[in-house]
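Q: Following this message is one structure expressed as structure tokens.
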Amino acid sequence: MSAGSGLQSVDFEIFGHVQGVCFRMYTEKEGLRLGLVGWVKNTASGTVVGQVQGPAAMVEEMKFWLSKEGSPSSRITRAQFTNQKPIDKLEFSGFKTRF
């Protein structure tokens, strides 16, 4: 994919009751469903962080999912998105949970 296809990258941090509720697994599944690449991981402070890359429209859809939906048992209080930028090519393959 070239820059002309509108690839985007964004970092995220999700706050609330988002650990111990399969949030990472659902994030991975949603990212793959949308055709995105990236990663997700728990933090020591109780949040979930990660990075998402792919077509701009799908990245926006993922941002909405991360901030409003999440896993069925999660309670999201805040979603923070940083470093959103256009990219020339995807920097990951697949969507992975990091530990």
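The values are calculated or read from the model by the stated rules, or taken from the named source; none is laboratory data. Quick caveat, the model's predicted, so the values are computed rather than measured. Don't worry about glycine lacking a Cβ; one is built from the backbone with ideal geometry, like all the others, and counts go over all protein chains shown. Side chains are part of the model used for accessible areas, which takes the heavy atoms of the whole protein and leaves out ligands, DNA and RNA. Shrake-Rupley method; radii C 1.70, N 1.55, O 1.52, S 1.80 Å.
Q: Please specify each residue of the stretch 5-40 satisfying the condition of being in contact (Cβ under 8 Å) with a residue 60 or more places away in the chain, more than 12 Å from residue 58 (Cα to Cα), assigned to a helix (DSSP H, G or I) and among the hydrophobic types (A, V, I, L, M, F, W, C).
A: If the condition is that a residue be in contact (Cβ under 8 Å) with a residue 60 or more places away in the chain, more than 12 Å from residue 58 (Cα to Cα), assigned to a helix (DSSP H, G or I) and among the hydrophobic types (A, V, I, L, M, F, W, C), then 25 is the only one that fits.
Q: Looking at the stretch 17-56 only, could you name the residues that are open to solvent by 30 Å² or more (accessible area, probe 1.4 Å), within 12 Å of residue 71 (Cα to Cα) and not hydrophobic (A, V, I, L, M, F, W, C)?
A: 17, 19, 20, 24, 26, 28, 29
Q: Right, something else. Does any residue in the stretch 49-76 that is closer than 18 Å to residue 13 by Cβ come within less than 6 Å, Cβ to Cβ, of a residue that is part of a helix (DSSP H, G or I) six or more places away or on a different chain, and which pairs are these?
A: The qualifying pairs are 52/59; 52/62; 65/30; 70/23; 71/23; 71/26; 74/23.
Q: State all residues of the stretch 69-80 that are under 18 Å from residue 28 (Cβ atoms) and under 13 Å from the mean Cα position of the chain (by Cα); if no residue qualifies, say none. Give the steps one after another, and end with the answer.
A: The initial filter retains those residues of the stretch 69-80 that are under 18 Å from residue 28 (Cβ atoms), namely 69-74, 76, 79.
Listed by number, the residues that qualify are 69, 70, 71, 79.
Q: Quickly run through the stretch 57-99 and pick out the residues that are open to solvent by less than 30 Å² (accessible area, probe 1.4 Å) and of a type in the set (Phe, Trp, Tyr).
A: Passing the criteria: 65, 95.
Q: Let me ask another. With aliphatic (A, V, I, L, M), in a helix (DSSP H, G or I) and modelled with pLDDT of 95 or more as the only criterion, which of 59, 52 stands out?
A: Only one candidate passes the filter, namely 59.
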